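The values are calculated or read from the model by the stated rules, or taken from the named source; none is laboratory data. All values reported here derive from a predicted model rather than from experimental measurement. So basically every Cβ, Gly included, is an ideal-geometry build from the backbone, and we count neighbours across all protein chains shown. Just the protein is used for accessible areas: all its heavy atoms, side chains included, with ligands, DNA and RNA removed. Shrake-Rupley method; radii C 1.70, N 1.55, O 1.52, S 1.80 Å.
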Amino acid sequence: MELTPGIHKIDSVKGANSYLVINKGTIIIIDTGMPGNGKKITDYIEGLGKGLQEVEYIVLTHADIDHSGSVSELKEMTGAKVAIHQTDAPRLAGEKELKKVTGFIGLVFKLMMRLKKFQPVKPDILLKDGDKIGDLSVVYTPGHTEGSISLYKAGEVIFVGDALMSDKDGNLRLPLSVMTLDMARAKKSIKKISELEFKDLLPGHGKPVLQNASEKVKDLSWKEMTHRN
């Protein structure tokens, strides 16, 4: 589904939302969902009349399996370069365990990892705050994981991974505390996002927030600060 010119959300991807950014004959895939979504994503690309060789980058907002699960198969199918923040890179590469989650959701998370057989990938590009991928800027927004990032095009759009979530009506909310390593740091990242200007916010989970998105983030951040005080 094309959300705005050149930006697509790939429907029916299992796990986190997966997006395409198409610009001047090159394609960036942002997040890949759980393992097993590779063909669904490449079929969508080819359905747009694009060749898989046009995929230049696969950018992961963080290393959790529901975002990175299909990166191995997509890299093999497209030859694209895989990019992730340098802090989450060891988890993607299998040098460190994927994020540990406690409680019932943690048990579900562990079961998913066993059933889906996560395939580690050594990233080609280690990102840091302020880097550029295509016409997107990397914004370091840790908290959900140590190396969570957002991808930002000034005045237009921000892809936030799990730094923020939305419900079925597009209302913004905090990331789930049980899935977030450091909620205090996550809230600081939301404050950082609230200082940027954009029309659209595309989350890893939930409905895309189209139009007036930066104002909605500012409102959420202000409410959180007010509640804390």
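Please go through the stretch 48-71 and give me each residue that is assigned to a helix (DSSP H, G or I) and either open to solvent by less than 10 Å² (accessible area, probe 1.4 Å) or of a type in the set (S, T, N, Q) (or both), ordered by number. Quick ask: steps written out before the conclusion?
First, pick out the residues of the stretch 48-71 that are assigned to a helix (DSSP H, G or I): 52-54, 65-68, 71.
Residues satisfying the conditions are Q53, I65, H67, S68, V71.
Looking only at the stretch 29-44, which residues are of a type outside the set (G, A, S) and either surrounded by fewer than 23 Cβ atoms within 10 Å (Cβ to Cβ) or on the phi > 0 side of the Ramachandran plot (or both)?
D31, M34, K39, K40, T42, D43, Y44
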Worksheet item: Which pairs do you get when a residue that is in contact (Cβ under 8 Å) with a residue 40 or more places away in the chain, found in the stretch 15-36, comes within reach of a residue that is aromatic (F, W, Y) and open to solvent by 10 Å² or more (accessible area, probe 1.4 Å), reach meaning Cβ atoms under 8 angstrom, with the pair 6+ apart or on two chains?
Response: I28/Y57; I29/Y57; P35/F118
Discussion item. All but one of (1) out of contact with any Asp or Glu (no Cβ under 7 Å at 6 or more places or on another chain); (2) at positive phi hold for A186; state the number of the condition that does not hold.
Written reply: (2)
Item to complete: Out of K96, K75, K24, K81, report the one residue that is surrounded by 18 or more Cβ atoms within 10 Å (Cβ to Cβ) and of a type outside the set (A, V, I, L, M).
Response: K75
Practice prompt. Starting from residues that are of a type in the set (A, V, I, L, M, F, W, C) and open to solvent by 10 Å² or more (accessible area, probe 1.4 Å), keep the ones in the stretch 137-162 and report whichever is nearest to A213 (Cα to Cα).
Written response: A154
Worksheet item: Does the stretch 45-67 contain any residue that is polar (S, T, N, Q), touching a residue at least 24 places away in the same chain (Cβ under 8 Å) and in contact with a strand residue (DSSP E or B) (Cβ under 6 Å, 6 or more places away or on another chain)?
Response: yes
Practice prompt. Report yes if K110 is of a type outside the set (A, V, I, L, M), open to solvent by 60 Å² or more (accessible area, probe 1.4 Å), modelled with pLDDT under 75 and not in a helix (DSSP H, G or I), otherwise no.
Written response: no
Worksheet item: L220: modelled with pLDDT under 95, open to solvent by less than 70 Å² (accessible area, probe 1.4 Å) and either part of a helix (DSSP H, G or I) or out of contact with any strand residue (DSSP E or B) (no Cβ under 9 Å at 6 or more places or on another chain) (or both), yes or no?
Response: yes
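Specify the residue that is farthest from A80 (Cα to Cα); the eligible residues are those in the stretch 4-42 that are assigned to a strand (DSSP E or B) and more than 15 Å from the chain's Cα centre (by Cα).
My answer is T4.
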Worksheet item: Quick one: would you say D169 is farther than 30 Å from E76 by Cα and in a loop (DSSP other than H, G, I, E, B)?
Response: yes
Response to the item:
Per the filter on the stretch 165-187, residues under 17 Å from G15 (Cβ atoms), modelled with pLDDT under 90 and touching a strand residue (DSSP E or B) at 6+ places or on another chain (Cβ under 9 Å) are L176
Item to complete: Determine if the stretch 192-207 includes at least one residue that is under 23 Å from I29 (Cα atoms), in a helix (DSSP H, G or I) and under 19 Å from the mean Cα position of the chain (by Cα).
Response: yes
